[in-house]
Amino acid sequence: MSLPKPVARFTVVTLGVSDMRRSIAFYESLGFERKLRVTGEEVAFFDTGATVLALYSWDKLALDAGLPAQPQPVGFRGITLAWNCRSENEVDDVLAFAVAQGARLQKGAHRTGYGGYSGYFTDPDGHPWEVVIASGIDVGDDRRVHLPE
């Protein structure tokens, strides 16, 4: 018996955070618009223009996923988030802005081996964000990334 193939969707990235108020304030300060505020500080949802960024207590997220909450990793977690930009100046501006909002500059902007320009910041819980322009990846007025065929 062959099952029908579902429509593939990537809809939400949920970050486990140690301090909901601090993290909500940080992501609002970056300019992400919070939605569905009826959830209070239990979970926070932000419109990113394409997918949703959600914040949830680290321990509760681990419990929900059936994973141990401790020990929390202090090194690379095998995942990064990306903020694609339209120019090198925008990369520089976003990095400086994020740091001014409480992010930690992880790696300064630099030219990449693939012809792009990139730098990294980490949020208050150490989640790494790459701020980048990359050849062939366009960011539209709709804030969505447009990839060539």
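Observations
- Residue match in the stretch 78-90 (condition: more than 29 Å from Asp141 (Cα to Cα) and over 12 Å from the mean Cα position of the chain (by Cα)): yes
- Condition check for Ser57 on (1) closer than 30 Å to Gly136 by Cβ; (2) polar (S, T, N, Q); (3) outside the structural domain of Gly115 (by the TED database): one failure, at (1).
- Residue that is most open to solvent (accessible area, probe 1.4 Å), among those in the stretch 6-18 that are under 15 Å from Pro124 (Cα atoms) and of a type in the set (Gly, Ala, Ser): Ser18
- Checked against the criterion of being at pLDDT below 90 and over 18 Å from Phe32 (Cβ atoms), the stretch 96-111 contains not a single residue that satisfies it.
- Unique match (being loosely packed, with under 11 Cβ neighbours inside 10 Å, assigned by the TED database to the domain that holds Asp19 and either on the phi < 0 side of the Ramachandran plot or at pLDDT 95 or above (or both)) among Val38, Val43, Val52: Val38
- Arg21 vs. criteria open to solvent by less than 60 Å² (accessible area, probe 1.4 Å), among the charged types (D, E, K, R) and without any contact (Cβ under 8 Å) to a residue 60 or more places away in the chain: no
- Assessment of the stretch 114-131 against the conditions (within 23 Å of Thr51 (Cβ to Cβ), among the acidic types (Asp, Glu), without any contact (Cβ under 8 Å) to a residue 60 or more places away in the chain and open to solvent by 70 Å² or more (accessible area, probe 1.4 Å)) yields no matching residue.
- Of everything listed in (1) out of contact with any helix residue (DSSP H, G or I) (no Cβ under 7 Å at 6 or more places or on another chain); (2) in the same structural domain as Phe121 (by the TED database); (3) surrounded by 15 or more Cβ atoms within 10 Å (Cβ to Cβ), the single unmet condition for Asn89 is (3).
The values are calculated or read from the model by the stated rules, or taken from the named source; none is laboratory data. Just so you know, these numbers come straight off a predicted model, no measurement behind them. When we count neighbours, we look across all protein chains shown, and the Cβ atoms used for this are built from the backbone with ideal geometry, even at glycine. The area values use the complete protein model at the heavy-atom level, side chains included, leaving out ligands, DNA and RNA. Shrake-Rupley method; radii C 1.70, N 1.55, O 1.52, S 1.80 Å.
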